[in-house]
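Student: Got a structure for you, written out below as structure tokens; questions coming shortly.
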Amino acid sequence: MKTKVRTVSVVIPAFQEGKYIATTLSRLVNIDHLIEIIVVDGGSEDKTVEVARRFTNKVYVLRERGIARARNYGAKRACGDVLVFLDADVITTADFVEKVLETFSDSTVVGATCSIMPVKPRFHEKVFFHLHNSLTRILARFKPHCRGEFFVARRSEFFKVNGFDESLPCTEDHELAFRLSKRGRFVFIKDLTVYESLRRFRKLGLFRVVGIWLANYLSFVIRGKNVSKVWVPVR
């Protein structure tokens, strides 16, 4: 069933993102579609807030850090029919809003993600991300998985399930995808790709990052909580 979806809000949590956020925001403000851009800062001591205010007047600063907390805070201040949660170091394509609106014109869709690829990857990094995206796309047919770098939710359904779980330092993205999928379809937008920085992979190494992901995910599935007590930012 088709439904008219008109407005999109982009919510960006940020902490010490002065080196990256200008690139992300400059792409967003140059998109043809009118979108609402909200930045929620977790107490940065660099120029993150100053830079963000050059691009949007909806910049908020929280005393308490936490990516789920920041996303929920931004969502409560958003007006869009569709909420796009985007990390501060993720670069979007010019047509991403068009593709999001087309996806959510189907009233059965409650959430979505897409391919996430690295900027300027080495060969082994490119191979890993292609495999990871393929696995995410396949799993979306059975039990959805979604990295928070690009997470889209229908506003009405997001609030019906109470948004992101703020008690989880990580895997909050997967957990919300699971809950949303009980209310409708959580889909993989096949013809859309966004691009993230490789700062965490380059600093910690691909295998270590994947090991941390896997340990936290399995712990969440089995015990309902993460191994990591906090998600340490890499800058």
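The values are calculated or read from the model by the stated rules, or taken from the named source; none is laboratory data. The structure displayed is predicted, hence computed values, not measured ones. Cβ: placed from backbone, ideal geometry, glycine included. Neighbour counts: every protein chain shown.
Student: Need a quick list: strands (runs of 3 or more DSSP E) entirely within region 1-88 having at least 2 residues that are under 28 Å from THR103 (Cβ atoms), among the small types (Gly, Ala, Ser) and in contact (Cβ under 8 Å) with a residue 24 or more places away in the chain.
Tutor: 8-14
Student: Would you confirm, using the coordinates I've provided, whether ARG155 is within 18 Å of LEU86 (Cβ to Cβ), at pLDDT below 95 and of a type outside the set (A, V, I, L, M)?
Tutor: No; evaluated as a whole, the condition is false for this residue.
Student: Sticking with this structure for a sec: Surrounded by fewer than 13 Cβ atoms within 10 Å (Cβ to Cβ) and not in a loop (DSSP other than H, G, I, E, B), is that true of LEU101?
Tutor: no
Student: Now for a separate question. Would you be able to tell me the number of residues in region 116-132 that are outside any strand (DSSP E or B) and buried (at least 16 other Cβ atoms within 10 Å of the Cβ)?
Tutor: Number satisfying all stated conditions: 5.
Student: Mind checking which residues of region 164-182 are touching a Lys or Arg at 6+ places or on another chain (Cβ under 7 Å) and not in a helix (DSSP H, G or I)?
Tutor: PHE164, GLU166, PRO169
Student: Let me ask something else about it. Take the residues in region 158-175 that are at pLDDT 95 or above, buried (at least 17 other Cβ atoms within 10 Å of the Cβ) and not small (Gly, Ala, Ser); name whichever of them is farthest from the chain's Cα centre (by Cα).
Tutor: VAL161
Student: Only one residue in THR193, THR113, THR136 is in a helix (DSSP H, G or I), surrounded by 15 or more Cβ atoms within 10 Å (Cβ to Cβ) and touching a residue at least 40 places away in the same chain (Cβ under 8 Å). Which one?
Tutor: THR136
Student: Do you know which of the residues in region 11-26 that are at pLDDT 95 or above and over 21 Å from GLU64 (Cα atoms) is surrounded by the fewest Cβ atoms within 10 Å (Cβ to Cβ)?
Tutor: Going through the qualifying residues, I end up with SER26.
Student: Looking only at region 146-155, decide whether some residue is aliphatic (A, V, I, L, M), farther than 23 Å from LYS99 by Cα and buried (at least 21 other Cβ atoms within 10 Å of the Cβ).
Tutor: Checking region 146-155: not a single residue is aliphatic (A, V, I, L, M), farther than 23 Å from LYS99 by Cα and buried (at least 21 other Cβ atoms within 10 Å of the Cβ).
Student: A follow-up question, please. Does THR113 meet the test of being of a type in the set (Val, Ile, Thr), touching a Cys at 6+ places or on another chain (Cβ under 8 Å) and closer than 26 Å to ARG200 by Cβ?
Tutor: Yes, satisfied.
Student: Could I ask something else about it? Across region 139-163, what is the number of residues that are closer than 21 Å to SER9 by Cα and part of a helix (DSSP H, G or I)?
Tutor: Count: 6.
Student: For VAL40, are the conditions met, namely being of a type in the set (Val, Ile, Thr), crowded, with 20+ Cβ neighbours inside 10 Å and in contact with a Pro (Cβ under 7 Å, 6 or more places away or on another chain)?
Tutor: Here the answer is yes, as VAL40 does meet what is asked.
Student: Condition first: touching a helix residue (DSSP H, G or I) at 6+ places or on another chain (Cβ under 6 Å) and under 24 Å from PRO13 (Cα atoms). Can you find one or more residues in region 116-132 that meet it?
Tutor: The answer is yes; a qualifying residue exists.
Student: It is to be established whether one or more residues within region 50-72 are within 15 Å of VAL152 (Cβ to Cβ), at pLDDT 95 or above and surrounded by 17 or more Cβ atoms within 10 Å (Cβ to Cβ).
Tutor: Yes: region 50-72 contains one or more residues that are within 15 Å of VAL152 (Cβ to Cβ), at pLDDT 95 or above and surrounded by 17 or more Cβ atoms within 10 Å (Cβ to Cβ).
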